[in-house]
Structure formats: C-alpha cells, structure tokens
Amino acid sequence: MKIFSKEQIYEGDALTAKKHGISSTDLMERAGTQIFNWLHMRMQGAQVPIHVFCGIGNNGGNGMVVARHLTTHGYNVKTYIVNYSKTRSKNFLNNYERIKSTTKDWPVLLNDASEFPAIGEKDIIVDAILGIGLNRPIEDWVKQLFNHFRATKAFVLSIDIPSGLATDSAPTDPECVVNASYTLSFQTPKLVFFLPETAKYTVQWEVLDVGIDPEYLYTTQTEADLIGKNEVLPIYKPRNKFSHKGDFGHALVIGGSYGKIGAVTLASQGVLAIGAGKVTAYTPKCGYIPLQVGFPEAMVITDTNEEKITAINFEIEPTVIAFGVGVGTDPKTSTAFENFLKTNKTPLVIDADGINLLSKNKALLKYLPENTVLTPHPKELERLIGKWKDDFDKLKKTKVFTKKHKCIVVIKGANTITVYQDKLYINATGNPGLATAGTGDVLTGIITGLIAQNYDALAATLFGVYLHGKSADLLIEDLGYQSFIASHVIEGLPLAYLDLFKQPEQPQVEEEESEKQK
C-alpha cells in the first residue's frame with residue numbers, strides 16, 4: 001500500500017476534481033459521507049451523545065458533513081466550531097450553510113476555554129478540528145480543549161489525522177495533539193502512524209477510500225510503502241519438483257563468542273527454516289559442540305581461538321555471508337573483520353556487533369559490497385549515523401547513509417522500516433512478543449537464507465521482515481507476549497509461508513445466506 005504525502009493528496013484531489021468534473025465541495029461531501037457511513041454502520045441509531053468539533057478549514061468542512069448526516073439520521077449530535085482563526089475555507093463555509101439549512105440546532109461557536117461543553121465518559125467525540133494542512137502553532141485555549149478531551153476519557157474519533165499532528169514533523173508539545181482512540185484516514189495511512197514519536201497519538205487507524213482518481217493512485221510514486229501480504233506475495237519464488245538443496249544456496253554465518261553461541265545457532269536455524277539449502281556456522285572453538293549437538297543440520301567451521309574470532313579463513317564458497325551476531329568487539333575480532341572486508345566479494349548481511357565494529361571504524365564502510373544489508377536496532381543505528389532530533393531526522397539521515405554507502409538499512413522496531421536510497425518500506429506485521437533477546441538474530445538468518453535462495457537483497461529484506469513478523473502474529477494468540485521467545489519465530493515460519501496462500505474467511509452472514517438460498 002502506498003503512503004502518500006500531504007502534497008500528493010492535495011494534488012490527487014485537484015486532479016480528481018478536474019478530470020471527473022466535480023467540485024472540491026462534492027469531494028468533501030464524498031469524504032464526509034464515508035465517515036458518516038462508518039459511524040452509522042457501527043452505531044445503528046444508538047442515542048449515545050456525539051460531539052462533533054469542527055475547525056474552520058477543510059477538515060472542519062468534513063466534520064460539518066458528518067454532523068449534518070448524523071442529524072438527518074436522528075442521532076443525538078451536537079456540533080461545535082472551534083474558532084481559532086478569522087479565516088475560513090470556502091468548503092467549510094459551504095458546508096456550514098448546508099448544516100444551518102438542515103437543523104435549527106446550529107453549531108455552537110467556541111472562542112475560549114470558558115465555553116467548553118460538558119462531555120461524558122461514554123460520549124463520542126468526533127475530532128475534525130485540524131487536518132493535514134496544519135501550518136500554525138496551536139493556540140493555548142485550543143490546547144486546553146485537547147486536554148479537556150483527554151480528561152473526559154470519552155472515545156475520540158479523529159478525521160484523517162489527530163488534530164495538531166503534522167504529517168512531516170514530530171510535535172514539540174504532546175498536549176498540543178489530540179489523543180485519538182481511532183483515526184479514519186483518507187485514501188492512505190499517514191507516515192506518522194508508524195513512527196515511535198507520533199504513532200502514540202492514535203490507538204487504531206483505518207483507511208477510507210474517498211474516491212481519488214485510481215490512475216493517479218496507481219501511477220504516482222511515493223516516498224513510503226506499507227508492506228503487507230499483497231506486497232510480498234509477488235516476491236515469493238515457488239519450488240520446482242526436481243529442485244535440490246544445491247538450488248537454494250549455501251549461507252555462511254560468522255559470529256559468536258564465549259557465552260554467545262546461541263546467537264549463531266538462532267541465526268543459522270533461521271537460514272534453514274526460511275528455505276536455504278545449506279548453512280555453515282563459523283565460530284570460536286567453544287561453539288563447535290553446542291552447534292553440532294544443538295543444531296545438527298548446520299556444518300561448523302571454527303577459529304583457532306577458543307573464546308573469540310581472531311581470524312576468518314574458510315575454503316567453502318558461500319552464496320551469502322552473515323556477520324556479527326554474538327561476535328563481540330574484541331580488538332582481535334575487529335582486525336579479523338577488517339581483513340575479511342578488504343577481500344570479500346560475497347553478498348553480506350551485517351547485524352549486532354558487526355554494526356558496532358563498523359561504527360567504531362567507519363573507514364571500513366567503503367569495503368561493503370553493494371546492497372549489503374545492515375539490521376541495526378535503534379542504539380546501533382545511532383552509533384552508525386549519529387544522533388537525530390526526531391524520527392523524521394532519523395529517516396533523513398538513514399537515507400543519506402544508504403545512498404552514500406549503497407546499502408540497505410533495516411531499522412528494527414514496532415514497525416520495522418527498511419530504508420533503501422530515498423525509499424521507505426514499512427512492515428505491517430509483528431507485535432510486542434518480538435521484544436525479546438534473539439529475535440534479531442533470527443531475522444538476520446531469515447534475510448540471509450532468502451538471499452541464499454537467489455532473492456535480490458531488497459526483496460529478501462522486505463520478504464524476510466514480513467515473514468519474521470507474521471510468524472509472531474500467528475503464534476502470539478496461543479503463546480502470549482510475555483512467554484514468546486526467539487525460537488518461536490523459527491517454529492512459526494512454516495505457518496507464515498502457508499498463510500501467504502490462505503484465502504480470507506467469508507463472513508458468517510454470507511454463509512448463512514448461502515444456506516438459505518439452497
């Protein structure tokens with residue numbers, strides 16, 4: 001799914017109006033009606049008090065449409081105009097006149113905090129105050145209104161975006177943003193729904209199709225894409241009946257140190273569980289017995305040193321190499337890594353201490369093969385690219401880094417984001433169960449195993465991140481967040497693969513209607 005910028009949404013609206021010969025007011029009617037339909041389907045006429053707060057711009061116009069339809073359908077609705085400016089948009093004024101002609105209960109004008117209405121905890125607030133065109137500081141009394149919403153503990157439905165939240169920057173004052181229980185986003189989710197600093201302002205979100213021209217939506221390139229099943233299914237490579245293990249590559253996992261052989265084991269298991277033909281683990285001597293006993297499917301090569309990697313020498317010809325899991329940052333390991341990078345031409349996936357070693361000696365970055373995959377968690381990323389002022393600055397710095405070093409960076413988190421040059425790929429799977437030791441090692445193995453199978457590096461990364469999260473999603477209902485551990489991800493990979501081809505279940509109502517027809 002494409003994630004359009006606010007500028008692209010404005011462009012799409014204008015093109016749609018021109019191409020289809022409809023006015024911007026009609027487009028607003030279409031959008032507001034969609035919001036009403038969403039509410040009406042869920043409320044079915046229930047007389048819960050609904051408070052619709054409208055700004056004086058286009059988002060306020062959307063709110064007016066919603067309020068008008070709620071009124072004509074007999075709902076218990078009260079409409080308010082948050083009068084934060086003397087400037088009104090044309091579409092707001094058009095819909096203000098329409099609602100005045102619909103009901104004698106005209107919208108109430110709010111000018112300061114003394115005029116705030118009483119709102120019950122079981123009431124519903126519709127937030128249509130500020131939209132994606134936010135371009136001014138929030139006035140103090142409007143900030144007080146947002147705090148009033150929070151104090152009521154009522155359900156808050158935001159239209160398009162929580163009021164006060166910009167689409168391209170993090171808020172400096174959390175109290176200047178509405179905390180939405182649910183956000184109905186027009187045509188596309190917003191990038192801010194997926195970033196740690198801004199995602200917290202809406203508990204849930206849903207996209208509503210408001211009829212922007214389909215050709216525009218299909219042909220327009222976006223900065224960010226949301227990666228779900230529909231996006232990864234075309235990546236999948238089916239197997240030939242007569243294929244054998246040699247067709248699916250040989251991955252080499254270099255890592256481990258005394259007390260951290262488990263990281264190599266998990267990564268190696270991830271390599272085979274995702275479908276690679278063979279895997280060899282390269283570890284210190286202390287890793288030999290644990291790997292041979294604990295994971296007999298892996299082949300093992302050891303360093304001459306008992307506790308850490310001090311040299312990297314092997315005679316095999318791997319398809320892809322993973323480096324860094326559990327390897328440590330000992331000076332001798334660092335020297336071995338440097339010598340390895342200077343001669344290596346094989347595709348690389350680098351994680352954990354491999355990234356830390358690069359951060360300590362950034363001159364080594366020039367030796368990375370093109371499209372090397374780096375999989376840092378936030379602190380490792382900071383060591384690599386430097387501190388950032390907010391999540392948007394983080395993404396900007398990461399883009400610069402990937403272009404400079406011709407690599408792919410996976411920013412691990414609740415919504416893992418893969419950055420490649422100027423493009424952001426936001427993963428749609430995963431849950432808090434993955435916040436446990438070792439899941440990153442498994443992810444390294446998964447991506448490595450896909451590259452071994454001749455997926456290109458970017459496709460392997462997007463597919464691997466998706467399957468990694470989907471595995472956790474499929475198991476979490478039975479295991480719970482707290483009891484989920486890294487090896488469960490490996491156990492769930494078969495289910496994640498099978499889910500790619502699982503058809504969605506039909507609603508029970510349709511099944512009952514079908515039986516009646518018989």
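Here are the numbers:
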item: Condition check for ILE312: open to solvent by less than 30 Å² (accessible area, probe 1.4 Å) and assigned to a loop (DSSP other than H, G, I, E, B); result: yes
item: Where a residue in the range 344-362 is closer than 15 Å to THR402 by Cβ and its partner, wherever it lies, is assigned to a loop (DSSP other than H, G, I, E, B) and open to solvent by less than 10 Å² (accessible area, probe 1.4 Å), with Cβ under 7 Å and at least six apart; result: LEU348/THR372; ILE350/GLY324; ILE350/THR372; ILE355/GLY324; ILE355/PRO376
item: Residue within the range 241-248 that is open to solvent by 30 Å² or more (accessible area, probe 1.4 Å), of a type in the set (Lys, Arg), within 28 Å of LYS332 (Cα to Cα) and not in a strand (DSSP E or B) present; result: no
item: Condition broken by GLY324, with the remaining ones in (1) buried (at least 17 other Cβ atoms within 10 Å of the Cβ); (2) of a type outside the set (Asp, Glu); (3) in contact with a Phe, Trp or Tyr (Cβ under 9 Å, 6 or more places away or on another chain); (4) farther than 24 Å from VAL279 by Cβ satisfied; result: (4)
item: Among (1) buried (at least 18 other Cβ atoms within 10 Å of the Cβ); (2) part of a loop (DSSP other than H, G, I, E, B); (3) modelled with pLDDT of 95 or more; (4) not aromatic (Phe, Trp, Tyr), the one test that THR222 misses; result: (1)
item: Complete set of residues in the range 19-48 that are among the basic types (Lys, Arg), under 20 Å from VAL207 (Cβ atoms) and either touching a residue at least 24 places away in the same chain (Cβ under 8 Å) or surrounded by 17 or more Cβ atoms within 10 Å (Cβ to Cβ) (or both); result: ARG30
item: Selection status of VAL253, within 22 Å of LYS332 (Cβ to Cβ) and surrounded by 12 or more Cβ atoms within 10 Å (Cβ to Cβ); result: yes
item: Any hit, the range 112-121, residues being modelled with pLDDT of 95 or more, buried (at least 23 other Cβ atoms within 10 Å of the Cβ) and of a type in the set (A, V, I, L, M); result: no
item: The range 49-61 residues that are touching a residue at least 12 places away in the same chain (Cβ under 8 Å) and closer than 13 Å to ILE159 by Cα, paired with ones that are acidic (Asp, Glu) and part of a strand (DSSP E or B) (beta carbon under 7 Å, 6 or more apart); result: PHE53/ASP127
item: Number of the exception - GLU215 against (1) crowded, with 21+ Cβ neighbours inside 10 Å; (2) out of contact with any Cys (no Cβ under 7 Å at 6 or more places or on another chain); result: (1)
item: Subset of the range 486-509 [loosely packed, with under 15 Cβ neighbours inside 10 Å and either in contact with an Asp or Glu (Cβ under 6 Å, 6 or more places away or on another chain) or in a loop (DSSP other than H, G, I, E, B) (or both)]; result: PHE501, LYS502, GLN503, PRO504, GLU505, GLN506, PRO507
item: In the range 261-300, the residues that are touching a strand residue (DSSP E or B) at 6+ places or on another chain (Cβ under 7 Å), open to solvent by 40 Å² or more (accessible area, probe 1.4 Å) and over 29 Å from TYR497 (Cβ atoms); result: LYS285, TYR288
item: Residue in the range 57-73 that is part of a helix (DSSP H, G or I), in contact with a Cys (Cβ under 9 Å, 6 or more places away or on another chain) and open to solvent by 10 Å² or more (accessible area, probe 1.4 Å) present; result: yes
item: Selection within the range 208-244 - under 21 Å from ILE451 (Cα atoms) and touching a residue at least 60 places away in the same chain (Cβ under 8 Å); result: ILE227, GLY228, LYS229, ASN230, GLU231, VAL232, LEU233, ILE235, TYR236, LYS237
item: Selected residue [modelled with pLDDT of 95 or more, part of a loop (DSSP other than H, G, I, E, B) and open to solvent by less than 10 Å² (accessible area, probe 1.4 Å)] from VAL156, VAL178; result: VAL178
item: PRO238, sole failed condition from (1) closer than 23 Å to GLY413 by Cα; (2) surrounded by fewer than 16 Cβ atoms within 10 Å (Cβ to Cβ); result: (1)
item: Check on LEU130, part of a helix (DSSP H, G or I) and either touching a residue at least 60 places away in the same chain (Cβ under 8 Å) or under 15 Å from GLY57 (Cα atoms) (or both); result: no
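The values are calculated or read from the model by the stated rules, or taken from the named source; none is laboratory data. Model, not experiment: these values are computed from the prediction. Every residue, glycine among them, receives a Cβ derived from its backbone with ideal geometry; neighbour counts consider all protein chains shown. In case anyone asks, the SASA skips ligands and DNA or RNA and just uses the protein heavy atoms, side chains included. Shrake-Rupley method; radii C 1.70, N 1.55, O 1.52, S 1.80 Å.
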